[in-house]
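Asker: Input: one structure, supplied below.
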Number of protein chains: 2
Amino acid sequence: MAEPLFNRLALLGIGLIGSSIARVARERGDLARTIVANARTQATLDRVMELGIADECEIDPARAVQGADCVIFCAPVGAYAALAEAIGPHLAPGAIVSDVGSTKQSVIRDIGPHLPEGVHFVPAHPMAGTEFSGPDAGFAGLFKGRWCLLTPVPGTDQDAISRMRTFWERCGAMVSVMDAAHHDRVVAIVSHLPHLIAFTICGTADDLADETRQEVLQFAASGFRDFTRIAASDPTMWRDVFLNNREALLEMLARFTEDAQAMARAVRWGDAAYIEDKVLRGRKIRQALIDINQA
Amino acid sequence: MAEPLFNRLALLGIGLIGSSIARVARERGDLARTIVANARTQATLDRVMELGIADECEIDPARAVQGADCVIFCAPVGAYAALAEAIGPHLAPGAIVSDVGSTKQSVIRDIGPHLPEGVHFVPAHPMAGTEFSGPDAGFAGLFKGRWCLLTPVPGTDQDAISRMRTFWERCGAMVSVMDAAHHDRVVAIVSHLPHLIAFTICGTADDLADETRQEVLQFAASGFRDFTRIAASDPTMWRDVFLNNREALLEMLARFTEDAQAMARAVRWGDAAYIEDKVLRGRKIRQALIDINQA
């Protein structure tokens with residue numbers, strides 16, 4: 001076994017992602033010698049001890065990070081600012097602070113100012129998840145073959161970046177480094193907008209008259225079902241994601257809405273060539289995904 | 001084996017759906033004694049003969065339907081009016097005419113007027129498909145466990161309806177009878193709108209700058225991918241579906257757009273409770289689908 005990357009790893013939040021990290025760390029042994037779990041409620045921490053996925057549990061985040069050489073925020077991104085303020089003064093010199101949030105500019109905005117000199121900040125976004133949440137939902141294979149994007153600000157210590165790269169690679173992920181603003185635009189179109197659309201169409205269907213609503217469920221297999229698959233996600237997490245990637249999400253939604261309106265116009269006026277062209281583009285993109293084994 | 005339902009079954013169009021019907025008929029033997037295939041091109045019919053899925057091939061639709069006691073339109077719905085005009089005078093007295101189109105009011109509008117007295121019209125919509133097309137794409141199991149909706153106009157011969165019900169049940173489908181206008185609204189929300197959205201978001205993503213477009217493909221797994229799955233469909237078929245279910249589709253798109261704009265407003269103004277409520281509704285609908293084994 002390789003030397004553990006860290007001596008003491010503190011996980012602030014121990015839901016689906018945090019508990020999956022804890023499980024990988026337990027299973028491999030080369031991520032950290034000691035795993036400290038922090039959560040908002042004692043009930044969650046009691047469950048974590050029962051599951052045996054952490055060495056120590058600590059309900060006070062300031063105490064949880066004491067002596068830790070790696071601290072990872074694993075709570076919904078809306079909770080980051082308050083958490084960062086609470087732990088800032090208690091961070092060990094030279095510690096690496098990271099996170100797992102789906103929005104990265106907001107994370108830099110919310111955590112960055114609270115970190116003392118000499119602490120290294122490497123924001124991260126492991127692109128993995130299921131529709132389940134809580135410490136029971138995690139599993140060690142969650143990150144296997146998935147992307148983890150690192151978005152450090154310019155000037156970040158290269159050694160800290162490279163240790164977080166190794167950390168995620170040991171979790172089974174493929175790692176890529178990119179600018180936070182660029183990250184936020186990419187995830188706005190590949191993830192946040194599809195989720196917003198999925199939540200919305202579920203509401204639209206649910207608002208239909210009673211009889212039709214029954215049949216929406218009955219005949220869902222013809223397309224609607226694929227949208228509900230991604231609509232079964234954690235409400236707090238997604239609320240925070242939308243609110244913390246506001247600009248990019250609204251821009252992508254505006255682009256999509258313009259395109260949908262253009263399609264509506266083509267349908268209304270019978271512009272067959274326009275419709276055919278759009279369907280062909282969808283097919284082409286699907287084929288491109290198949291070609292790169294992402295379908 | 002039960003007595004064959006029909007003596008001579010004519011399939012006008014022999015793509016994914018038509019060739020799947022032909023294959024079931026061949027496999028079971030109790031749908032029809034003789035299967036006649038019609039297509040627009042001789043190349044398709046040559047392929048059908050090679051595949052051995054029809055007893056006779058006939059490029060002239062008027063000749064294909066001669067002596068047939070069951071005629072099923074299996075072409076894109078945009079081709080139905082011209083086909084119906086061509087075959088009308090050649091239909092055998094007492095024959096049943098049906099179809100497999102995804103829009104039903106337009107089919108009644110386009111086929112109905114061309115049918116002579118004494119011919120029974122039972123419009124049908126088997127809700128099954130894949131992203132592939134053509135006579136090679138069909139398979140006998142396509143309709144197994146899927147719904148087939150019949151939308152006969154009031155006054156249609158009950159025996160004709162019940163024979164088409166038996167026909168689709170023997171194909172493995174679950175059959176439901178409903179009003180054509182109601183059908184068009186239900187499929188607009190469960191199928192046509194999701195497809196329109198899927199085609200549109202593929203175009204929106206494809207219009208992004210080159211660098212982002214690459215990453216859309218690379219990171220598609222986080223949501224976008226689920227949308228492309230249904231975007232890989234046949235362009236001619238979908239063009240015709242959109243144009244022939246115009247009113248219901250535009251109404252559902254308008255409702256969805258209002259809801260998406262309300263969500264955009266909540267994101268812009270930070271209305272956390274509104275967003276959470278919508279995400280919860282998505283989750284509830286997903287759960288309802290799981291509960292009725294449609295997920």
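The values are calculated or read from the model by the stated rules, or taken from the named source; none is laboratory data. The structure displayed is predicted, hence computed values, not measured ones. Ideal geometry is used to build each Cβ from the backbone, glycine not excepted, and the neighbour counts take in all protein chains shown.
Asker: Name the residue, out of A:Leu142, A:Leu149, A:Leu208, that is of a type in the set (A, V, I, L, M, F, W, C), surrounded by 19 or more Cβ atoms within 10 Å (Cβ to Cβ) and within 11 Å of another protein chain (Cβ to nearest Cβ).
Answerer: The unique qualifying residue is A:Leu149.
Asker: Separate question: Looking at the stretch A:61-107 only, could you name the residues that are in contact with a His (Cβ under 6 Å, 6 or more places away or on another chain) and more than 14 Å from A:Val241 (Cα to Cα)?
Answerer: A:Ala62, A:Val65, A:Gln66, A:Ala84, A:Glu85, A:Gly88, A:Ile96
Asker: Could you identify the single residue in A:Val175, A:Val241 that is under 30 Å from A:Asp69 (Cβ atoms), outside any helix (DSSP H, G or I), more than 8 Å from every other protein chain (Cβ to nearest Cβ) and in contact with a helix residue (DSSP H, G or I) (Cβ under 8 Å, 6 or more places away or on another chain)?
Answerer: A:Val175
Asker: Still on this structure: A:Ala82 - would you say it is surrounded by fewer than 18 Cβ atoms within 10 Å (Cβ to Cβ) and either in the same structural domain as A:Pro235 (by TED's automatic domain parsing) or within 21 Å of the chain's Cα centre (by Cα) (or both)?
Answerer: In short, yes.
Asker: Considering (1) assigned to a helix (DSSP H, G or I); (2) touching a residue at least 40 places away in the same chain (Cβ under 8 Å); (3) surrounded by fewer than 19 Cβ atoms within 10 Å (Cβ to Cβ), say which one B:Glu50 fails and leave the rest.
Answerer: Status for B:Glu50: all satisfied but (2).
Asker: For the stretch A:103-151, which fully contained strands (runs of 3 or more DSSP E) count at least 2 residues that are at pLDDT 95 or above, over 12 Å from the mean Cα position of the chain (by Cα) and outside the structural domain of A:Val186 (by TED's automatic domain parsing)?
Answerer: A:120-122
Asker: Moving to a separate point now. List the number of the failed condition for B:Leu208; all other conditions in (1) within 26 Å of the chain's Cα centre (by Cα); (2) in a loop (DSSP other than H, G, I, E, B) hold.
Answerer: (1)
Asker: Let me ask another. Within the stretch B:249-295, which residues are free of Cβ contacts under 8 Å to residues at least 40 places away in the same chain, surrounded by fewer than 18 Cβ atoms within 10 Å (Cβ to Cβ), assigned to a helix (DSSP H, G or I) and more than 7 Å from every other protein chain (Cβ to nearest Cβ)?
Answerer: Within the stretch B:249-295, B:Ala254, B:Glu258, B:Gln261, B:Ala262, B:Arg265, B:Ala273, B:Tyr274, B:Asp277, B:Lys284, B:Gln287, B:Ile290, B:Asp291 meet the criteria.
Asker: Which one of B:Ala205, B:Ala188 is in the same structural domain as B:Ser233 (by TED's automatic domain parsing) and at pLDDT below 95?
Answerer: Within the list B:Ala205, B:Ala188, the selection yields B:Ala205.
Asker: Picking from B:Pro93, B:Pro76, B:Pro113, which residue would you name as being over 28 Å from B:Met49 (Cβ atoms) and touching a helix residue (DSSP H, G or I) at 6+ places or on another chain (Cβ under 9 Å)?
Answerer: When all the criteria are applied, what remains is B:Pro113.
Asker: For residues that are surrounded by fewer than 23 Cβ atoms within 10 Å (Cβ to Cβ) and under 19 Å from the mean Cα position of the chain (by Cα), scanning just the stretch B:214-232, find the one that is nearest to the other protein chains (Cβ to nearest Cβ).
Answerer: B:Ala232
Asker: Read through the list (1) buried (at least 19 other Cβ atoms within 10 Å of the Cβ); (2) facing another protein chain (nearest Cβ under 7 Å), then give the number of the only condition that A:Ala188 fails.
Answerer: Against the list (1) buried (at least 19 other Cβ atoms within 10 Å of the Cβ); (2) facing another protein chain (nearest Cβ under 7 Å), A:Ala188 comes up short only on (2).
Asker: Collect the residues in the stretch B:244-283 that are within 30 Å of B:Gly101 (Cβ to Cβ) and among the hydrophobic types (A, V, I, L, M, F, W, C), keeping them in residue-number order.
Answerer: B:Ala248, B:Leu249, B:Leu250, B:Met252, B:Leu253, B:Ala254, B:Phe256, B:Ala260
Asker: For the subset of the stretch B:33-44 comprising residues that are touching a residue at least 24 places away in the same chain (Cβ under 8 Å) and over 22 Å from the mean Cα position of the chain (by Cα), which member is nearest to B:Ile87 (Cα to Cα)?
Answerer: Only one residue fits best here, namely B:Thr34.
Asker: Within the stretch B:50-68, is there a residue that is touching a Lys or Arg at 6+ places or on another chain (Cβ under 6 Å) and within 20 Å of B:Pro135 (Cα to Cα)?
Answerer: yes
Asker: What pairs come up if the first residue lies in the stretch B:196-216 and is among the aromatic types (Phe, Trp, Tyr), the second is not in a helix (DSSP H, G or I), and their beta carbons are under 6 Å apart, counting only those six or more places apart or on different chains?
Answerer: Within 6 Å, the pairs are B:Phe199/B:Ala231.
Asker: Among the residues of the stretch A:221-236, is any touching a Leu at 6+ places or on another chain (Cβ under 6 Å), farther than 16 Å from A:Leu196 by Cβ, in a helix (DSSP H, G or I) and in the same structural domain as A:Val187 (by TED's automatic domain parsing)?
Answerer: no
This table checks each residue for (1) assigned to a helix (DSSP H, G or I); (2) at pLDDT below 95; (3) aliphatic (A, V, I, L, M).
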{"site": "B:Ala43", "(1), (2), (3)": "yes, no, yes"}
{"site": "B:Ala62", "(1), (2), (3)": "yes, no, yes"}
{"site": "B:Ala75", "(1), (2), (3)": "no, no, yes"}
{"site": "B:Tyr80", "(1), (2), (3)": "yes, no, no"}
{"site": "B:Gly94", "(1), (2), (3)": "no, no, no"}
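Asker: Kindly indicate whether B:Glu56 is among the charged types (D, E, K, R) and either modelled with pLDDT under 95 or under 23 Å from B:Gly94 (Cβ atoms) (or both).
Answerer: Spelling it out, B:Glu56 is indeed among the charged types (D, E, K, R) and either modelled with pLDDT under 95 or under 23 Å from B:Gly94 (Cβ atoms) (or both).
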